[in-house]
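Working notes, structure below.
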Amino acid sequence: NKERFDEDLKLSRELISTLDKEKDITINPLLSSYFHEKHPVAQQFDLQILYLRKVHSYCYYSASEYLDERMLTAKCGPIILRHKHITEETKLPDIPDWHRRMKDSIQKRIQESQKIQDEQTEIEEINKKIEEAFSQKIEQIDEKFKCPYCEKYFAGAEFVLKHIRNKHENEFSDVRKKLLEKRMLRNYTKDPNKIVSYPVSGSAPTRYNNRRGGRGGRRRDHGGRSGGGGKREQDKEAGEYQDLDDPKKLQQRDFRLIIDYGDL
C-alpha cells in the first residue's frame with residue numbers, strides 16, 4: 001500500500017525528530033536532504049525503523065517504547081524486516097484498524113513530547129524575565145555591582161543574581177510568583193474547556209426564607225412574646241412552614257425543592 005507506506009515514512013521521521021530533541025541529538029544524517037536523495041525510499045524507511053530501535057528503544061510497528069534495547073528485544077523480537085520477495089504486486093491482508101491504532105499512539109507520543117517542550121520553553125522564558133527584572137535593580141558602582149537588598153558588592157552582575165536567588169529567597173519568590181500567575185491567567189484564557197460561569201438554578205426563594213424574614217419583622221414590630229398576632233399575620237403572608245427533611249414529607253414527595261444559600 002503505497003499511500004500507507006508514504007504515511008509511515010513521514011510519521012517515522014517526525015517521531016525520530018521528536019525523540020532526538022528529548023535526548024539533545026542535534027545532528028541526524030537520516031533526516032538530511034542528502035540522505036533522502038541518495039537512498040531509495042524503502043531503504044530510508046528500513047534505516048529509520050532500525051534507528052528507532054537501536055537509539056531510542058522504540059518499536060514503530062507496535063508503538064511501544066522501552067528503557068533499553070534488551071527489553072525491546074524481549075517484548076518485540078530482535079528485528080523487523082520486509083520479505084525480499086514481496087513486491088508491489090503482492091497481495092497482503094488489509095488491517096486498517098491496527099494501522100490506525102498504531103498511528104494514533106505515535107501521534108499522541110509526539111504531541112505529549114511537544115507539550116513538555118513547550119512547558120520547558122515557558123519555564124526558561126520565566127527564568128529569563130526574572131533575571132531581567134533583577135538586573136534592572138542591580139546598581140553598578142565603579143567596577144563592582146551592589147545587591148539591591150543588602151550592602152554586599154560583587155565582581156559581576158551574574159554573581160549578584162546568584163546571591164539573590166540563594167540569600168534573598170523571599171524577593172526572588174515574589175517575582176517568580178507574579179510571573180507564574182500571569183502565565184496561569186494566559187493559559188486559562190486560552191483553555192477552550194475553562195469554566196466561565198456557574199449554572200443558575202433559577203428557582204425562587206423557598207418559603208423558609210420568607211418565614212425567616214417574617215419572624216424578624218415580628219420581633220421588630222411587636223417584640224418579645226407579645227407578638228402573637230403579628231406571628232399569625234406573618235404566617236399568612238409566608239405560608240405554612242414546611243420541613244423538607246421530615247421523613248413523612250419525604251415519603252409523600254417525589255422530589256425536593258432546590259435550596260439556595262440563603263436557607264443556610
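Only Lys, Arg, Asp and Glu count, each charged at its Cβ (+1, +1, -1, -1), so figure out the dipole size of region 1-70 about its Cα centre, rounded to 20 debye.
140
Go ahead and run the numbers for FRET between GLN114 and TYR188, Cβ-Cβ distance against an R0 of 22 Å, rounding to 0.05.
So, using R0 = 22 Å, E works out to roughly 0.60.
Quick one: which residues, 5 or more positions from SER64 or on another chain, have an amide H under 5 Å from its amide H? H modelled 1.01 Å from N in the peptide plane, none for Pro or chain starts.
Result for SER64 returns CYS59.
So what is Rg over Rh here for region 19-170, counting just Cα atoms and using Kirkwood for Rh?
1.25
Starting from the amide H of LYS152, placed 1.01 Å from N in the peptide plane, find each other amide H under 5 Å away whose residue is 5 or more places distant or on another chain.
CYS147
Values in this text are rule-based calculations from the coordinates and carry no lab data. Small disclaimer: the values here were computed from a predicted structure and weren't measured. Neighbour counts are summed over all protein chains in view; Cβ atoms, including those assigned to glycine, are modelled from backbone coordinates with ideal geometry.
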